Amino acid sequence: MLPEEKSGHLDPTSPSLSTASLEISELAHGIDVLEESVRSLDRELLDILLYDRTTRTNILWGTTDYASYGPKFGELCEITPELVTGEYATLIQPRITKSQSTRLYRTRDRAEVFTPSWICNKQNNLIDQQWFRREKVFNIEHGDSWTATTGPISFDGCKKSWKKYVDAQRLEITCGEAPYLVSRYDTVTGEKIPLDQRIGLLDRKMRIVRENTDTAEDWLTWAQRAFESVYGFEYQGDNLLLARENLIYSYIEYYYERFQQMPGIHLLRKIARIISWNIWQMDGLKCVVPGSCKPLNRLQFTLFDDETVEISHQCPGCARGDITRHTGVYCRVMDWRSKRSQTFLSMMKD
């Protein structure tokens with residue numbers, strides 16, 4: 001079980017937050033956040049990004065793509081730091097850098113199809129069109145591209161404030177590398193997207209935070225609340241880790257833009273814990289941890305009642321397609337406003 005940090009905000013001007021020995025650019029190679037660099041920055045940070053809050057173990061590979069590397073890389077085996085660093089430092093790659101055959105296999109067997117950023121933008125714009133009751137709030141679309149609007153976002157005529165916008169909960173289902181939440185790069189073309197042109201749901205919240213906070217304390221408070229408000233689930237562990245890394249790296253970039261220095265380790269751990277709760281591993285058809293459903297074993301008397309035999313019955317949820325009756329471990333997520341975790345299934349019912 002990972003140690004918990006004390007609550008409270010950190011002063012970004014404090015010398016204890018300085019991590020000047022590692023520049024922001026050193027954490028990534030192109031669009032790929034390097035697990036080796038994350039571990040070099042702080043070993044506990046990588047541990048948090050690999051942690052599963054429901055099982056209190058590590059996330060699973062969730063794919064057979066890496067099984068050829070040995071028994072520790074099986075579909076239902078945990079991803080440990082040693083398996084993504086050192087000699088395996090470049091093992092997990094964004095989809096765009098994977099081989100064509102691997103991409104075709106994952107599309108065929110896992111229905112893994114990533115959406116171009118311009119389509120993500122169009123769909124995210126529809127959400128904001130409903131919220132603001134007007135078009136072209138964050139950007140102006142130009143076919144398969146866009147241009148960010150200039151000037152602060154106006155909330156005139158809206159029924160809710162900018163704080164309500166930041167707190168509004170958003171969920172990306174089967175999130176892959178989380179392109180609807182953070183748009184560090186186009187998941188289809190691999191092109192980097194400048195910070196001021198990003199279109200993710202969380203990117204939009206961070207723009208609102210930047211435009212409406214004057215003090216460091218306010219920025220830290222509302223940046224944290226923005227991260228607490230976005231959720232996503234994914235089956236495959238490599239994609240899940242990439243999604244989590246994209247969120248933590250985005251936080252670093254926005255922090256660097258605001259304070260012109262790297263955030264401190266304790267602050268990064270705090271944000272990483274939020275991410276490890278909100279971006280979780282789940283079989284989306286069952287709402288349980290992948291591979292956790294087990295058959296029900298029952299004793300049954302023989303005809304003469306002098307002996308018993310053990311009969312195995314398939315998980316009733318799997319057998320009947322009933323999402324409420326699985327024997328697997330139902331995934332838990334955190335409601336940050338109430339500070340309580342609950343199963344994702346119960347949230348769906350509510």
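We did not get these values from a lab; they are worked out from the coordinates using the rules stated. These numbers come from a predicted model, not from an experiment. Note that each Cβ is placed from the backbone with ideal geometry, even for glycine, and that neighbours are counted across all protein chains shown.
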- [ ] Grab the DSSP H runs of the chain that are 4 residues or longer, score each as -39,500 (n - 2.57), total them, divide by all residues and round the 222 nm result to the nearest 500 deg cm²/dmol.
- [x] -10500 deg cm²/dmol
TODO: Pop out the ³J(HN,Hα) list for the range 257-268 in order, Karplus 6.51 cos²θ - 1.76 cosθ + 1.60 with θ = phi - 60°, rounded to Hz; leave Gly and Pro as x.
DONE: 4, 7, 10, 6, 7, 6, x, x, 4, 5, 5, 5
Task: Computed log₁₀ I(q)/I(0) - Debye formula, equal Cα scatterers, no solvent, the range 191-237, q 0.18, 0.33 Å⁻¹ - done: -0.64, -1.15
Task: Under 15 Å from the Ile24 label point (7 Å along Cα→beta-carbon), backbone N, the range 260-278 - done: 260-264, 268
Task: Check: the range 164-254 dipole with +1 on Lys, Arg Cβ and -1 on Asp, Glu Cβ, in debye - done: 180 debye
Task: Mean projected area (nm²) of the alpha-carbon convex hull when the range 30-115 is viewed from all directions - done: 6.6 nm²
TODO: Could you list Phe227, Phe73, Phe233 in order of exposure, starting from the residue whose Cβ has the fewest other Cβ atoms within 10 Å?
DONE: Phe73, Phe233, Phe227
Open item on the list: Within 10 Å of each candidate Cβ there may be at most 14 other Cβ atoms; applying that plus a DSSP loop requirement, which GluC sites (Glu not before Pro) in the range 189-297 survive?
Closed with: Glu191
TODO: Give, to the nearest whole percent, the P(r) tail of the range 1-281 beyond 23 angstrom, counting all Cα pairs.
DONE: 53 percent
Open item on the list: Could you work out how much longer the chain between Arg325 and Thr343 gets when fully extended? Use 0.36 nm per residue separation minus the Cα distance between them, nm to one decimal.
Closed with: 5.1 nm
Open item on the list: With +1 on the Cβ of every Lys and Arg and -1 on the Cβ of every Asp and Glu, and nothing else charged, how large is the dipole of the range 1-281 about its Cα centre, in debye rounded to the nearest 20?
Closed with: 920 debye
TODO: Arrange Cys77, Cys331 by Cβ neighbour counts within 10 Å, fewest through most, would you?
DONE: Cys77, Cys331
TODO: Quick one, can you get me the convex hull of the C-alpha atoms of the range 100-187 expressed as volume per residue in Å³?
DONE: 115 Å³
Task: Cysteines not pairable in the chain (beta carbon separation under 4.7 Å absent) - done: Cys77, Cys120, Cys158, Cys175, Cys287, Cys331
